[in-house]
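Beneath this line is the structure, given in structure tokens, with notes to follow.
All of the numbers you see were taken from the coordinates with simple rules; none came from a lab. Remember, predicted model here, so these are calculated numbers, not experimental data. Positions of Cβ are generated from backbone atoms using ideal geometry, with glycine treated the same way; all protein chains shown enter the neighbour counts.
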Amino acid sequence: MATVSLSSVPKRLRMVEDFRCTSCQELNLEESADIYCEACHMFYCKRCGHLHNRLSTEHTTVGRGDIKKWPVPKEVEDFLRMCEAHEDKILTQFCQDHTQLCCSDCVVKIHSQCSKVTQISELTNSQPTGLEGLSVELETVLGEIKTLQISQKASIQSFQRTYKEHSAVMIEQMLGNLNTYID
Ligand SMILES: [Zn+2]
Ligand SMILES: [Zn+2]
Ligand SMILES: [Zn+2]
Ligand SMILES: [Zn+2]
């Protein structure tokens, strides 16, 4: 049975939410961003956000509640697409046997015997853009994994059920045979 390795995906998703305040970054401070300003194309922490909002009252800002509207920094997007095992390789495929995202190297080295290796683009049927597309892509993959786990569970359960039903029938038959034999 496939061993489910989800460990890399949640860590990658956490990276996406790890936005830093742009103006603090310029001062070498690491403040997590609270809002994104669509006019400045900058991230601001709570403190800088207050200042910004007072100075630029007509700018539209997007809070964390609407994080899907925040743009993905290039380096985060690149990081998300990279294979953890093969540093300069982009994740392009998904192995359903291992329930793992893989790059072309992984496919050759680890998944050459696997029966179900699908292109990620085939799973999503679209070229993802920005954070929304990217998280949709990952959600699709996570969804795939969940369905896979559920179907595995379901097949075990149905196997157990048939096995029970089967053995009940067999016992009945045996009892029947036994009864006829005794008769
Ligand atoms: Zn700041
Ligand atoms: Zn602004
Ligand atoms: Zn790889
Ligand atoms: Zn595989």
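Table for the structure above
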read-out: For SER32, residues with placed amide H under 5 Å, excluding near neighbours; value: CYS21
read-out: Given LYS68/LYS116; LYS89/LYS116; LYS46/LYS69, the pairs whose alpha carbons are separated by over 22 Å; value: LYS68/LYS116
read-out: Nonlocal amide H pairs with CYS102, under 5 Å, H built at 1.01 Å; value: THR92, GLN93, PHE94, CYS95
read-out: Nearest-20 debye value, segment 20-69 charge dipole, Cβ charges on Lys, Arg, Asp, Glu; value: 140 debye
